[in-house]
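Novice: Dumping the structure here so I can ask a few things about it.
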Amino acid sequence: MTTTNKPLNTSNKSANDALIDQLRACQNPEEILKFEKWFNSNIKSEKLYKRICQLLKSRSISRALGSKWLLTLIEDRENTINKLSVK
């Protein structure tokens, strides 16, 4: 049996375009992380990393741009986990 993931709620094109513009305006990882914190606390329906994945899936953004944003988010989580780890 083949199963598929439940599709994410996609916003309208103008909302996606506004999100992409906001992310492109981020000049460094700190700005991306600051935007992620704002997005995740104000947009209750989904997390930023899920929206970025949806944008990649729909080919609304390039693989290079999406991977840059996702890598920043993942590295931040890894750093947080490493700080919390007992050595």
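Novice: What number of residues within region 23-34 satisfy the criterion of being closer than 14 Å to Ile61 by Cβ and either not aliphatic (A, V, I, L, M) or not in a helix (DSSP H, G or I) (or both)?
Specialist: 2
Novice: Suppose the filter is open to solvent by less than 40 Å² (accessible area, probe 1.4 Å) and assigned to a helix (DSSP H, G or I); does Ile61 pass it? Even if it seems obvious, please write down each step before you answer.
Specialist: Working: open to solvent by less than 40 Å² (accessible area, probe 1.4 Å): yes; assigned to a helix (DSSP H, G or I): no.
No: the conditions fail for Ile61.
Novice: Another question about this same structure. Restricting attention to region 35-49, report how many residues are in contact (Cβ under 8 Å) with a residue 24 or more places away in the chain and either loosely packed, with under 12 Cβ neighbours inside 10 Å or not in a helix (DSSP H, G or I) (or both).
Specialist: Summing the residues that are in contact (Cβ under 8 Å) with a residue 24 or more places away in the chain and either loosely packed, with under 12 Cβ neighbours inside 10 Å or not in a helix (DSSP H, G or I) (or both) in region 35-49 gives 2.
Novice: Here's something else I'd like to know. Applying the selection to region 64-87, what residues are β-branched (Val, Ile, Thr) and either surrounded by 15 or more Cβ atoms within 10 Å (Cβ to Cβ) or more than 11 Å from the chain's Cα centre (by Cα) (or both)?
Specialist: Initially, region 64-87 is screened for residues β-branched (Val, Ile, Thr), giving 72, 74, 80-81, 86.
Hits for region 64-87 are Thr72, Thr80, Ile81, Val86.
The values are calculated or read from the model by the stated rules, or taken from the named source; none is laboratory data. What you see is a predicted model; the values in this text were computed from it and never measured. Please note: Cβ atoms are built from the backbone with ideal geometry, for glycine as well, and neighbour counts cover all protein chains shown. For accessibility, only protein heavy atoms count, side chains too; no ligands or nucleic acids. Shrake-Rupley method; radii C 1.70, N 1.55, O 1.52, S 1.80 Å.
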